[in-house]
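Data first, discussion second: the structure below is written as structure tokens.
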Amino acid sequence: MHEPLACLRRSVLYVPASNEKALKKSAALACDAVIFDLEDAVAPEEKTEARERLRRFLDGPNRPQCEVVVRINALSGEWGTEDLLAARALKPDAILLPKVDGPRDILDVDAALDETDAPRSLRLWAMMETSRSLLNAGPIAELGRDPAARLACLVAGTNDLVRETGIAPGPGRGNLLPWLMQLVLAARAGNLTVLDGVMNDFRDLEAFARECAEARAMGFDGKTLIHPAQIAPANAAFAPTKGEVAEAQAVVAEFAKPENRFRGVVSLNGRMIERLHLEMAEGLLAKAKQIEEKGE
């Protein structure tokens, strides 16, 4: 299991590589990660220039200090191969693959990266935005248990899922929820981070906060964003609360007592607490520490 679930990815902002102003602004934002997009956000006639613009930006002095991800076009398309070579040269933390249908899509890119002697630290993220990706979520996520496959994160592509399936999301996202929970389950089986899809109405921050709370309750680690205004609500929603931190500290302290160090089960405030609760508490405190180190 090569990718710790404690990795901080509460807020992951898409930034079009064709937008010079947005590129410059990304360096000062408080999101946990930025996805520089060469795919959906870039018109066909701008693909080549966007690739060059992104190269100049990431090679310059204003490269963001957060996690950097580049979304490329599919290798099977006109721009994919050049995107992959360019992304690899830019030394991102990860490359996001679009329209993943099955494990072969991940393995083919992994093999291509190996041929260019890409460092093992370069990870792959997978867009789960097709019907086949959801049907194959288990086998795709299983690659997370193989360090050689590089897979680190699954990203829900809700807009594309709605378009491809013709589903009406319903009130809120009711009709999408079973698929999203299936994605979380697959990610956990593969020890992967999993991110919720975007909310298109970036002006309605109250609805966005509700969607973030819903996603966290389902088990998502964070949410993908389309506007900087969504960063603060996402960071808040996916951060442990003061009450959760206090409870986790109490669990850790109880098991640290000499009389409990070797026990599998203890009693805390009238509740039975097992070692699995200790592991959960330690993970939550590790996440809280990462947030504190960011100065939040």
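Hey, does the range 130-142 have a residue that's buried (at least 16 other Cβ atoms within 10 Å of the Cβ) and in contact (Cβ under 8 Å) with a residue 60 or more places away in the chain? Within the range 130-142, none of the residues are buried (at least 16 other Cβ atoms within 10 Å of the Cβ) and in contact (Cβ under 8 Å) with a residue 60 or more places away in the chain.
Within the option set N62, N19, being closer than 23 Å to N159 by Cβ and open to solvent by 30 Å² or more (accessible area, probe 1.4 Å) holds for one residue only, N19.
Once the range 30-59 is narrowed to residues that are in a loop (DSSP other than H, G, I, E, B) and under 24 Å from C7 (Cβ atoms), the residue that is nearest to the chain's Cα centre (by Cα) is D32.
Listed conditions (1) surrounded by fewer than 19 Cβ atoms within 10 Å (Cβ to Cβ); (2) at pLDDT 95 or above; (3) β-branched (V, I, T) are all met by T116, apart from (2). Of all residues in the range 192-203, those satisfying the criterion of being of a type outside the set (S, T, N, Q) and open to solvent by less than 60 Å² (accessible area, probe 1.4 Å) are L192, V194, L195, D196, G197, V198, M199. For I140, state whether it is more than 28 Å from Q65 (Cα to Cα) and touching a strand residue (DSSP E or B) at 6+ places or on another chain (Cβ under 7 Å). Considered against the rule, which asks whether it is more than 28 Å from Q65 (Cα to Cα) and touching a strand residue (DSSP E or B) at 6+ places or on another chain (Cβ under 7 Å), I140 comes out as yes. The number of residues in the range 147-190 that are without any contact (Cβ under 8 Å) to a residue 40 or more places away in the chain, under 23 Å from R71 (Cβ atoms) and either of a type in the set (F, W, Y) or open to solvent by 70 Å² or more (accessible area, probe 1.4 Å) (or both) comes to 2.
Filtered by the rule that a residue be of a type outside the set (S, T, N, Q), under 24 Å from the mean Cα position of the chain (by Cα) and assigned to a loop (DSSP other than H, G, I, E, B), the range 60-76 gives R63, P64, C66, I72, A74, L75.
In the range 108-127, the residues that are among the polar types (S, T, N, Q) form Cβ pairs under 6 Å with partners that are in a helix (DSSP H, G or I) and open to solvent by 50 Å² or more (accessible area, probe 1.4 Å), at six or more places apart or across chains, as follows: T116/R88. Among the residues of the range 168-213, the ones that are more than 17 Å from the chain's Cα centre (by Cα) and on the phi > 0 side of the Ramachandran plot come to 2 in all. Where helices (runs of 4 or more DSSP H) sit wholly within the range 206-296, those with at least 1 residues that are open to solvent by 60 Å² or more (accessible area, probe 1.4 Å) and more than 22 Å from A156 (Cα to Cα) occupy 242-256, 275-293. All conditions but one from (1) at pLDDT 95 or above; (2) under 19 Å from L29 (Cα atoms) apply to F202; the one that does not is (1). Taking the criterion of being crowded, with 16+ Cβ neighbours inside 10 Å, out of contact with any Asp or Glu (no Cβ under 7 Å at 6 or more places or on another chain) and of a type in the set (D, E, K, R), the only residue of the range 47-59 that qualifies is K47. Here A27, A86 are screened, and the one residue that is aliphatic (A, V, I, L, M) and more than 21 Å from the chain's Cα centre (by Cα) is A86.
The values are calculated or read from the model by the stated rules, or taken from the named source; none is laboratory data. Quick caveat: nothing in here was measured; it's all calculated off a predicted structure. Virtual Cβ from ideal backbone geometry, glycine too; neighbours counted across all protein chains shown. Quick note on the areas: whole protein, heavy atoms, side chains included, nothing else; ligands and nucleic acids left out. Shrake-Rupley method; radii C 1.70, N 1.55, O 1.52, S 1.80 Å.
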